[in-house]
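Read the structure below first, then the notes.
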Amino acid sequence: MFSLAFALEGTLVVTSDLERTAFRRLCAEFMTPAAMRIAEVDVDKAFTEHRSAFEDGGEALNRVIAGAIQTATGVAVSDPCSVAARYRHIAREVAAESVAPLPGVQPLLDELRRLAVPQAILANGLSGAESRKAQSLGFEGPVLVSEDIGAKKPDPRMFAALAEALMLPAEAIWYVGSNLDVDINPAYDLGFTVVWVAPETEHELQRFDSRFHRVHRIDEVLELIKEPYTRAMLGLRYIMRSALAWRPGHFIPGVEPDTSN
């Protein structure tokens, strides 16, 4: 079998400072516009101090949200979980407003859909916001997000969840990403075939490992997968034909039984 999996932010889409924008909007709900303008420095300071929690979500966000809001606005929060839920909702709205597909992404996904290639997305971040980014592309496969899994790339548990979702071993999955440290190196070490969507900068070129496939635009992936995809489909056809030979009288659309014997 054959399947493709993708990182999301920086590989398929780009968004503009999503979490900071969401936190600013949340703080604005606790203040008048005039007070918000005065408190902008405190808002940015509170966000920067707890940035990882605002980006990753989970229990870490629930723990820091009350203190961050009080630092930024001076308002005491009595129900941190409700405020954290509101932040997640705003982040999803910001994702919907600001997400943009990277060049070549839509033609690639359209062709993969036509070929019926199983696909998945593996993303770090807030569950709702990352899912909304994938939805903007019309992506129909599983979208696995660190906030739901309870681990964050490059943690091997993320990649194990990916293989489980696709119901395939790592060696049957091609993983496409743009970050060497978070996506490409750990996926390769765990047995995935990897494709690095790499910038054409001299610094990044020096980090290129010849064991990886490397492309400049993500739609170049189609050329790379032609041969393995064809082999996988021929193998599946052989299995279907063998099954028909073993169970005479059964019919699978598109596969003719072997009548040579």
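On full extension of the chain, what length is gained from R51 through E223, given 0.36 nm per residue of separation minus the C-alpha to C-alpha distance?
On the way: separation 172, 0.36 × 172 = 61.92 nm, distance 3.87 nm.
Net length gain for the segment: 58.0 nm.
For Cα pairs less than 8 Å apart in space and 6+ apart in sequence, what is the mean separation divided by the residue count of segment 16-98, i.e. the relative contact order in percent?
Reported as a whole number, the value is 39 percent.
Using only the alpha carbon atoms of segment 16-98, find the Kirkwood hydrodynamic radius as the inverse mean reciprocal pair distance, in angstroms to one decimal. Provide the component values of the computation, followed by the final result.
Numbers: mean 1/r = 0.0805 Å⁻¹.
Here the Kirkwood hydrodynamic radius works out to 12.4 Å.
Choose one of A91, A68, T48: the residue whose Cα lies farthest towards the positive end of the charge dipole of segment 36-95 (beta-carbon charges +1 Lys, Arg; -1 Asp, Glu; about the Cα centre).
The residue sitting farthest along the positive end of the dipole is A91.
Just to be sure I understand the model, the point goes 7 Å from the Cα along the line to the Cβ. What's the resulting R157 to D110 distance in nm?
Roughly 4.0 nm, to one decimal.
Given Cα pairs under 8 Å that are at least 6 residues apart, what percent is the relative contact order of segment 99-179?
Once divided by the residue count of segment 99-179, the mean separation gives 26 percent.
Would you please put 151-162, 129-140 in order of how densely packed they are, using the mean number of other Cβ atoms within 10 angstrom per residue and starting with the highest? Don't skip to the end; give the middle numbers.
On the way: 151-162: 18.9, 129-140: 20.6.
The most tightly packed comes first, giving 129-140, 151-162.
No value in this document is a laboratory result; all are computed from the given coordinates. If you're wondering where the values come from, they're calculated on a predicted model, not measured in any experiment. Backbone-built Cβ (ideal geometry, glycine too); neighbour counts: all protein chains shown.
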